[in-house]
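All remarks here apply to the structure that follows.
The values are calculated or read from the model by the stated rules, or taken from the named source; none is laboratory data. Please read all numbers here as calculations on a predicted model, not as lab measurements. All Cβ positions, glycine included, derive from the backbone under ideal geometry; neighbour counts span all protein chains shown.
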Amino acid sequence: MNRYFFRSLGLFFLFTSATAFAATGKTAVIPWDLKALSKAPASSPAPGFETNGVRSIFFDGLPWQGKPTRVFAFVGVPEHKRGEKVPGMVLVHGGGGTAFAGWVKRWNDRGYAAIAMDTCGAVPRGSYGKWQRHDAGGPPGWGGFSQIDEPTQDQWTYHAVADAVLAHSLLRSLPNVDASRIGLTGISWGGYLTCIIAGVDSRFRFAAPVYGCGFLGDNSAWLKNFEQMGKETAAKWLGLWDPSRYLSRAKMPMLWVTGTNDFAYPFDSLQKSYRLPRAPRTLCIRVRMPHGHGPAGEGPEEIRALADSILKKGKLLPRITGQSRKGDQLTVMFESRSPIAKAELNFTKDTGVWQKRNWETIPAMLNAAKRRATATVPADATVFYLNLADANGLVVSSEHIEAKP
């Protein structure tokens, strides 16, 4: 497995735990000074890391344990006409990752300015999960479970969210970037952070968490951490840092990209999470989507399509306008400016641990004239949902339904 892919580290056994530390979804008090974070931080070059026209910098982060910090980042602006202002993207890496120049370049090639910052006080020197820390780095990741009894402003999530908001402020300040056209995406732990950031920084035009969601205390990959903390301390962490505490504040459109068997963020927690924001949502849920950086988490074209539609007035993604179930018939209504090429019903007959369920796919009946797709749900299906794919291969999903016993 190459350096782009997250390692499960044997966490699958955690899902059998009977203890849950569920977050309620109650809105948390914002602990960040958003007025201060909305100002572009001071920055300076970070020599030795530049690649493919992507600049490397340090920018001023928030103090940690009373000392100033510096955040490493890659920044790139695409070729553009003189006087033109381009849209931008803020990119939040996942567990074991760091700032990736290739991710910035991917968005530059699409015509976007982009910034990718390290959220763990490191620089991109070393190997995946073993990046070199620098002297002025903030708290190490991930999750900050062992830091929960430290002051709030010294904990990892506090710094990681602040790093992304400051990176946004810095990107907005660049002379050839349109501050009114910037989106946000993050992968895994970066998807978790994206959920929080979306509820904190209302300046973003859209947010696309990949894999990440809230309700980590229900049945996520980190149940063992919460068990070791004990109920009181776990409740403290979830009250401060679970995305469910912030998602209801998110007002921008959100695209949720994930797989049916994601090892870290299970299907039921995802659904509770995407129902919290009071904003348009789009789901893109592929059967057994791999979990990782590189093509898996950075490459989904649905993220690019959403960015183009909002930031460049491009074609809209297909949109599911409604769904209903009558007996064994599932019907999904949709709108699309591109022809819908395929409709499929995805279902599982299994129960128990979400990550271990086997999923099957069968064709659904597509009626383009009436803009609907219908599928017959197998009698023994326990969970099911429908995917639509347009002529460009872009996928949107209906909400999953759990069959009543």
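Table: residues versus (1) of a type outside the set (Asp, Glu); (2) at pLDDT below 95; (3) closer than 21 Å to Phe267 by Cβ; (4) in a strand (DSSP E or B).
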site: Met333; (1), (2), (3), (4): yes, no, no, yes
site: Glu344; (1), (2), (3), (4): no, no, yes, yes
site: Asp380; (1), (2), (3), (4): no, no, yes, no
site: Pro405; (1), (2), (3), (4): yes, yes, yes, no
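Among the numbered criteria (1) touching a strand residue (DSSP E or B) at 6+ places or on another chain (Cβ under 8 Å); (2) at pLDDT below 95; (3) surrounded by fewer than 19 Cβ atoms within 10 Å (Cβ to Cβ); (4) not acidic (Asp, Glu), which one does Ser8 miss?
Single failed check for Ser8: (1).
Do you know which residues across the stretch 202-218 are of a type in the set (A, V, I, L, M, F, W, C) and in a loop (DSSP other than H, G, I, E, B)?
Phe204, Phe206, Cys213, Phe215
Count, please, the residues in the stretch 222-261 that happen to be in contact (Cβ under 8 Å) with a residue 24 or more places away in the chain and in a loop (DSSP other than H, G, I, E, B).
9
Would you call Leu276 in a loop (DSSP other than H, G, I, E, B) and within 24 Å of Gly322 (Cα to Cα)?
yes
Pick out the one residue from Lys130, Lys105, Lys81, Lys67 that is under 20 Å from the mean Cα position of the chain (by Cα) and farther than 28 Å from Ser202 by Cβ.
Within the list Lys130, Lys105, Lys81, Lys67, the selection yields Lys105.
Just give me the residues in the stretch 282-327 being touching a Pro at 6+ places or on another chain (Cβ under 7 Å), within 21 Å of Val92 (Cβ to Cβ) and not in a helix (DSSP H, G or I), in sequence order.
Cys284
Quick check: is even one residue across the stretch 263-273 on the phi < 0 side of the Ramachandran plot, in contact with a helix residue (DSSP H, G or I) (Cβ under 9 Å, 6 or more places away or on another chain) and part of a strand (DSSP E or B)?
Checked against the condition, which is being on the phi < 0 side of the Ramachandran plot, in contact with a helix residue (DSSP H, G or I) (Cβ under 9 Å, 6 or more places away or on another chain) and part of a strand (DSSP E or B), the stretch 263-273 yields no hits at all.
Please work out if Trp222 is aromatic (Phe, Trp, Tyr), surrounded by fewer than 23 Cβ atoms within 10 Å (Cβ to Cβ) and either modelled with pLDDT under 95 or more than 16 Å from the chain's Cα centre (by Cα) (or both).
Here the answer is yes, as Trp222 does meet what is asked.
Taking the conditions exactly as written (modelled with pLDDT under 95, closer than 19 Å to Asn387 by Cβ and either touching a strand residue (DSSP E or B) at 6+ places or on another chain (Cβ under 7 Å) or crowded, with 17+ Cβ neighbours inside 10 Å (or both)), does Phe267 satisfy them or not?
So Phe267 fits the description; yes.
Given the structure, is Thr233 of a type in the set (Val, Ile, Thr) and surrounded by fewer than 21 Cβ atoms within 10 Å (Cβ to Cβ)?
yes
Yes or no: Asp178 under 23 Å from Pro253 (Cα atoms) and acidic (Asp, Glu)?
yes
Tell me, which residue of the stretch 384-398 that is touching a Ser or Thr at 6+ places or on another chain (Cβ under 9 Å) and in a strand (DSSP E or B) is nearest to Trp359 (Cα to Cα)?
Ranking the candidates gives Phe384 first.
Go over the candidates Arg337, Arg319, Arg357 one by one and state the one that is within 27 Å of Pro253 (Cα to Cα), touching a residue at least 60 places away in the same chain (Cβ under 8 Å) and among the charged types (D, E, K, R).
That would be Arg319, the only listed residue that is within 27 Å of Pro253 (Cα to Cα), touching a residue at least 60 places away in the same chain (Cβ under 8 Å) and among the charged types (D, E, K, R).
Rundown of residues vs (1) under 29 Å from Leu184 (Cα atoms); (2) hydroxyl-bearing (Ser, Thr, Tyr); (3) surrounded by fewer than 22 Cβ atoms within 10 Å (Cβ to Cβ); (4) not assigned by TED's automatic domain parsing to the domain that holds Gly199, yes/no style:
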{"residue": "His293", "(1), (2), (3), (4)": "yes, no, no, no"}
{"residue": "Ser309", "(1), (2), (3), (4)": "yes, yes, yes, no"}
{"residue": "Asp350", "(1), (2), (3), (4)": "no, no, yes, yes"}
{"residue": "Ile362", "(1), (2), (3), (4)": "no, no, yes, yes"}
